[in-house]
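Structure first, commentary second.
The values are calculated or read from the model by the stated rules, or taken from the named source; none is laboratory data. Since this is a predicted model, take the numbers as computed values, not measurements. We place every Cβ from the backbone using ideal geometry, glycine too, and count neighbours over all the protein chains shown. Calculation scope for accessible area: heavy atoms of the full protein, side chains included, ligands and nucleic acids excluded. Shrake-Rupley method; radii C 1.70, N 1.55, O 1.52, S 1.80 Å.
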Amino acid sequence: MSIIACVDLDYFYAQCEEILNSSIKDKPVVVCIYSGRGKEGGAVATANYIARKYGVKSGIPIKTAKNLLKDVEAYFIPANLDLYEKFSQEVMNIVKKYADVFEQVSVDEAYLDITKQSNSDYKKALEIMLRMKEEIFQKHKLTCTVGIGPSKVIAKIATDLKKPNGIEVITPEEIPLKVWPLSVDSLPGIGPRSKKRLENIGVKTIGDILNADFMKLVSIFGKKISTYFVRAAQGKETEQVKETYEVKQFSRMVTLKNNTLQFNEIKPYLEQLSKELSETLKSNNYFAKGISVMAVLDDLNIISKSKLADKPINSEKDIYKIAEPLLLDLIKKSPRMFRRLALRAYDLISYEGIESLERFV
Ligand code: DGT
Ligand code: CA
Ligand code: CA
């Protein structure tokens, strides 16, 4: 019997901001995606649990969030996606170690098949996942919630039951007690619309699905979806954890202080990006063969140019040497001023392949 774990990082973007600046931790923290239209145009990406108490949540307008929090000291922070990506990569590198098979499904969420590691023993599975939580917290001060069960769906439901900073095990025997009383929309895939349609035929809880007339379900949702509902409710849905392959590229991006097309003004940014990209490659144990320079122009159009190096590289100097002619070329061709500059490394080779690599260098 399979044992699957779901790992979901708590209030992820907002938690990253708290880690960066621990003095905001006890106040409402709201991470915002500004649309650029008006000073407060845009939506909330996420908020910490203190802000959620005031009704702030993902997707609402920033204006609404400001209103909800107008009487308290609160932090509204523009999203820094590069930062969250970096935290995500580092944490996922830890998570991966604890899985027989690892599948990352979003920036802050992954499924782990831990059947072998745990020897199909739920007690052991719990111990392993507690150790993983501890390592993530020790190394990054980041909390996550873990759900463990016989299928992806049950693992996900277990996670949702214990957010934030929790861990929950649901064994096959516990499904009737822990899962069947939950509202149908706790089942992944059932949104407000399906919930309504199920309610219309008297199905309110997950357990109700199993007591419902199957042909009635089929007449509303079709055979495939109805079968999924039933199998999922029984904990018998068997979607496998699919291995996520290694990241195939790294990139760094910067916004220029002033829009410009002057090489002398852009050069320091390219040097900085070369340095950062080199550090990223080295800390992740990679060499790159491909280097690409990209510019976001002042009308937000994008131009880019790439080149393959003769040999795998990861030093700041080697990266810059490839990137500079690419930049000069882009400047020459660009119809408009540069607003942002990015540097990307692709065609990666990991250190693990270093012995075979040595033969090429
Ligand atoms: P949680 O898991 O309930 O403790 O809180 P989060 O914030 O980790 O929520 P989750 O897992 O659904 O989403 C992970 C991240 O994805 C979240 O930190 C920000 C981003 N995100 C979620 N919903 C939205 C959204 O509606 N808009 C945008 N721009 N980003 C979102
Ligand atoms: Ca999350
Ligand atoms: Ca998530």
How about LYS333: which lysines have a C-alpha closer than 22 Å to its C-alpha, ignoring those fewer than 8 places off in the same chain?
LYS257, LYS267, LYS305, LYS307, LYS321
Write out the trypsin sites (Lys or Arg not before Pro) in segment 217-291 meeting two conditions: DSSP loop, and at most 11 other Cβ atoms within 10 Å of their Cβ.
LYS248
Relative contact order for the chain using alpha-carbon pairs under 8 Å, separation at least 6, rounded to a whole percent?
14 percent
Here the percent of antiparallel bridges among DSSP beta bridges lying wholly in the chain, to the nearest 5, is 90 percent
FRET efficiency estimate (nearest 0.05) - Cβ-Cβ, THR255 to ASN285, R0 22 angstrom
0.15
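How about segment 154-247: which chymotrypsin sites (Phe, Trp or Tyr not before Pro) there are in a DSSP loop, with at most 10 other Cβ atoms within 10 Å of their Cβ?
TYR245
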Kindly flag which residue pairs out of LYS123/LYS152; LYS116/LYS282; LYS96/LYS311 have an alpha-carbon separation exceeding 20 Å in this structure.
LYS116/LYS282; LYS96/LYS311
Per residue, accessible area of the chain with a 1.4 Å probe, heavy atoms of protein chains only, in Å², comes to 53 Å²
What do you get for the angle between helix 316-333 and the principal long axis of the chain? Use alpha-carbon atoms, 0 to 90 degrees, nearest ten.
80 degrees
nm² value of the averaged projected area, convex hull over the Cα atoms of segment 159-200
3.5 nm²
Calculated over the chain: convex hull of Cα atoms, volume per residue (Å³)
185 Å³
For LYS195, which aspartates and glutamates qualify as cross-link partners when the Cα separation must be under 18 Å and same-chain residues fewer than eight apart are set aside?
ASP160, ASP185, ASP208, ASP213
State the extension gain, in nm to one decimal, for the chain segment bounded by SER350 and LYS317, taking 0.36 nm per residue of separation less the distance between their alpha-carbons.
10.0 nm
Separation in nanometres of the label points that stand 7 Å from Cα toward Cβ, at SER306 and THR227
4.0 nm
Relative to the first principal axis of the alpha-carbon coordinates of the chain, what is the inclination of helix 223-234, with its axis defined by its Cα atoms, in degrees from 0 to 90 and to the nearest 10?
80 degrees
Acute angle (nearest 10 degrees) that the helix 152-161 long axis makes with the longest principal axis of the chain, alpha-carbon atoms
90 degrees
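Please list, by residue number, every one of the trypsin sites (Lys or Arg not before Pro) in segment 29-134 that is coil in DSSP and has at most 15 other beta-carbon atoms within 10 Å.
ARG37, LYS39, LYS53, LYS57, LYS70
Only Cα pairs under 8 Å and at least 6 apart count here; give the relative contact order of segment 83-168 as a rounded whole percent.
Computed over segment 83-168, the figure is 19 percent.
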Nearest-20 debye value, the chain charge dipole, Cβ charges on Lys, Arg, Asp, Glu
1040 debye
Roughly how many nanometres apart are two label points built 7 Å out from the Cα toward the Cβ at GLU135 and GLU40?
4.5 nm
Positive end of the charge dipole of the chain (Lys, Arg +1 and Asp, Glu -1 on Cβ, about the Cα centre): tell me which of TRP180, ALA125, VAL254 has its Cα farthest that way.
VAL254
Straight-line reach from LYS25: which lysines fall under 19 Å, measuring Cα to Cα and dropping same-chain residues less than 8 apart?
LYS53, LYS57, LYS66, LYS70, LYS139, LYS141, LYS163
What FRET efficiency do you get for LYS332 and ASN80 if R0 is 56 Å and r is their Cβ-Cβ distance, rounded to the nearest 0.05?
0.95
